[in-house]
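The values are calculated or read from the model by the stated rules, or taken from the named source; none is laboratory data. Given the structure is predicted, the values throughout are model-derived calculations rather than measurements. Cβ coordinates were reconstructed from backbone atoms using ideal geometry, including for glycine residues, and neighbour counts include every protein chain displayed.
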Amino acid sequence: MNSTTGNRHGSAVVTLPSDDEILITRAFDAPAELVFDAWTTPDIVKRWWGGDRGEVTEAQVDLWIGGRWRWVMTANGGFEVAFSGEYHEIDRPHRLVKTEVFELVPDAEAVSTTTFEEADGVTTTRILIRYPSQQHRDAAIASGMEGGLQVALDHLEELVRQTV
Amino acid sequence: MARTPTTTDAFSAVAEGSRRELLDVLGTGEATVNDLVQRLGLSQPQVSKHLAVLRAVRLVSVRAEGRRRWYRVNGPALQPVYEWARSFESTWNTRLDRLDDVLAELQAKEKKERQP
């Protein structure tokens, strides 16, 4: 394995721990401080948050309690996807709590709690996103924020199959 | 999948719970406004309003039969939404794989810098 390539590709696990939550779990071969900083340093955020979906054009991080964050990507289809919110808890390198709004659905404010747990040089990162209700979570799924999952998706799949 | 960031595209149309329920019902077959009112427990103006939004983004089409208007799902218009939603897990995987690479690179750099 090349030393500048991560070792755990494809290992993120997405689960639905309750009706109004989504949990994403992923381990990294790096100290917690470094992983935490990767979530709170604009230049680093820009390098990974877009994944293969688009280019990150803005990564504002006002890292203090009540400070704003706003991350924007220009998706490959040309449209803008913007998320923003406020930092509520900052406990480097253990825990980061922030509100989160997908700006196309501004009434559905979620709270995301990201924890970084280091053991033997491996940092397990858990991103728990809690929506105001199951309906909001499912709306998030259907609107493309949080897909691949259960009910809304099954319905969509069924609809597409029946009618295409 | 080009789209403009307006509130009137297929993506934002299905972001509303009642409209998804409406699509679910229409997914089982054509229906009139009255059918939808009965099955969803919404008022007629509410159903009409949601139908108008769904028609505007072409998720729903309509045909007239005598004085009745039958609404149905326009599947192909829903395809991009479905594709987008299905890719959530892979989006996070790709995103965190990128982060994995960045972390590996940062550590390699740090190690190199510590060497004399």
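Residue pairs whose Cβ atoms lie under 9 Å apart, separated by 6 or more positions or on different chains, with the first residue in region A:74-85 and facing another protein chain (nearest Cβ under 8 Å) and farther than 18 Å from A:TRP48 by Cβ and the second surrounded by fewer than 18 Cβ atoms within 10 Å (Cβ to Cβ) and among the hydroxyl-bearing types (Ser, Thr, Tyr), are A:GLY78/B:THR4; A:PHE79/B:THR4; A:GLU80/A:THR57; A:GLU80/A:THR74. The residue of region A:72-125 that is modelled with the highest pLDDT, among those that are among the charged types (D, E, K, R) and more than 25 Å from A:ASP29 (Cα to Cα), is A:GLU86.
Scanning region A:80-139 for residues that are in contact with a Leu (Cβ under 7 Å, 6 or more places away or on another chain), more than 20 Å from A:PRO17 (Cβ to Cβ) and surrounded by fewer than 19 Cβ atoms within 10 Å (Cβ to Cβ) gives a single hit, A:ILE90. Pairs are defined by a Cβ separation below 7 Å, a sequence spacing of at least 6 or placement on different chains, a first member in region B:59-71 that is farther than 14 Å from B:ASP35 by Cβ and of a type in the set (D, E, K, R), and a second member that is modelled with pLDDT of 90 or more and outside any loop (DSSP other than H, G, I, E, B); the pairs so defined are B:ARG63/B:TRP70. When A:VAL14, A:VAL35 are checked against the criterion of being touching a Ser or Thr at 6+ places or on another chain (Cβ under 6 Å), in contact (Cβ under 8 Å) with a residue 60 or more places away in the chain and within 10 Å of chain B (Cβ to nearest Cβ), a single residue qualifies: A:VAL35. Looking across region B:75-106, the residues that are at pLDDT 85 or above and in contact with a helix residue (DSSP H, G or I) (Cβ under 7 Å, 6 or more places away or on another chain) come down to B:ARG95, B:ARG98, B:LEU99, B:VAL102, B:LEU103, B:LEU106.
For every residue, the table says whether it meets (1) under 18 Å from A:PRO93 (Cβ atoms); (2) among the aliphatic types (A, V, I, L, M).
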site	(1), (2)
A:ILE22	no, yes
A:THR25	yes, no
A:PHE36	yes, no
A:TRP39	yes, no
A:VAL45	yes, yes
A:TRP48	yes, no
A:GLY51	no, no
A:TRP64	yes, no
